[in-house]
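Contents: one structure, followed by commentary.
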Amino acid sequence: MINSYENCTLCPRKCGVNRYEGKGYCGMTADISAAKAFLHQWEEPCISYKNGAGTVFFSGCNMHCVFCQNNTISNDYFGKTITNDRLAEIFLELQEQGADNIDLVTPTHFVPDIIAALDEIKHKLHIPVVYNTGGYELPETIEMLRGYVDIYLPDIKYFSPEVSMRYSHAEDYFDCASKAVLAMIKQTGKLTYNDEGGLVKGTVIRHLVLPKQRHDSMKIMDWIAENTSPDEVLVSIMNQYTPFEHIPEEYSELRRRVTKMEYNSVADHAAELGLNGFTQQKSSASDKYVPLFDLTGI
């Protein structure tokens, strides 16, 4: 399975790079790179419900969104090279710290190694595994994760090909993300919780509302309502968009926060459609919710 890196087609980019010899579109070689592993208190309430999600932030990304909140690791590639064995140890260390789950952030380009690490310690791991992704996935890669992932936490970022092309150079984003999310839901089935209200199996769809894109957001809510069931999906509508300085000047529309009207129009539309899930306060639009990537736990 590790040979998936030889002609890499793990994500819809299908760049075909031999990552043993060079870097893929994601910016990563075949060596695992991670920037932080810690108990994260700020995931959705059913994910960080007690001690926090045992979050592992991987370096690199297959999307490179111009507004990325985790730009330090996704576009600047900050991180430390680790082995499969070390990754497996990190999972167990997080469990020993009381993690509610193992939360794999931006994991797509390291799926073969993640599977190998989980194989090493699956007899010792007693908490759910969360696959926390930007949504730009292939159903084939999701199928590789069957039996390894308990909770899928994908974004659906864009509906319009024009918007996804402008901000992520991925014209086919919605086509890919929608198919991948349906594959995730089929795999996880109905939402299942423990006695403490923590999600142990299921899919949570995230959507970050962007400036000037509320109508695009509403179309995503329409699609979710038409193609999923409230007993198998939660929807997290995020209000935390923050206009960081790294956003290029030519994206002037992104250099402000989302207005109350923009966010509420999306949240209200989701409620009218009968979608279940979470909304965020305006105060969440702050850089204090972006972790300090300092190699803690790596």
**Study point:** Residue in segment 230-274 that is farthest from Tyr167 (Cα to Cα), counting only those that are under 20 Å from the mean Cα position of the chain (by Cα) and in a loop (DSSP other than H, G, I, E, B)
**Key:** Glu232
Exercise for review: Identify all residues within segment 160-211 that are on the phi > 0 side of the Ramachandran plot and exposed (fewer than 15 other Cβ atoms within 10 Å of the Cβ); write none if there are none.
Suggested key: His169, Gly189, Gly197
Practice item. Filter segment 162-193 down to residues that are small (Gly, Ala, Ser) and touching a residue at least 40 places away in the same chain (Cβ under 8 Å) and give me whichever is nearest to Leu234 (Cα to Cα). Key: Gly189
Exercise for review: Tell me which residues, restricted to segment 29-63, are closer than 19 Å to Ile114 by Cβ, part of a loop (DSSP other than H, G, I, E, B) and under 17 Å from the mean Cα position of the chain (by Cα).
Suggested key: Glu43, Ile47, Ser59, Gly60, Cys61, Asn62, Met63
Study note, to complete from the structure: Taking segment 151-207 and keeping only residues that are hydrophobic (A, V, I, L, M, F, W, C), in a loop (DSSP other than H, G, I, E, B) and in contact with a Phe, Trp or Tyr (Cβ under 8 Å, 6 or more places away or on another chain), one is left with Ile156, Phe159, Ala170
Point to revise | So Thr259, is it closer than 30 Å to Gly52 by Cβ and of a type in the set (S, T, N, Q) | key: no
Practice item. Restrict the check to segment 72-95 and report whether at least one residue is within 25 Å of Thr279 (Cβ to Cβ), in contact (Cβ under 8 Å) with a residue 12 or more places away in the chain and more than 13 Å from the chain's Cα centre (by Cα). Key: no
Check your understanding: Are any residues in segment 92-115 in a helix (DSSP H, G or I) and within 21 Å of Pro154 (Cβ to Cβ), and if so, which ones?
Key -> Thr108, His109, Phe110, Val111, Pro112, Asp113, Ile114, Ile115
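Every number here is computed from the coordinates shown, using simple stated rules; none is lab data. The shown structure was predicted, so the numbers you read here are calculated from the model rather than taken from an experiment. When we count neighbours, we look across all protein chains shown, and the Cβ atoms used for this are built from the backbone with ideal geometry, even at glycine.
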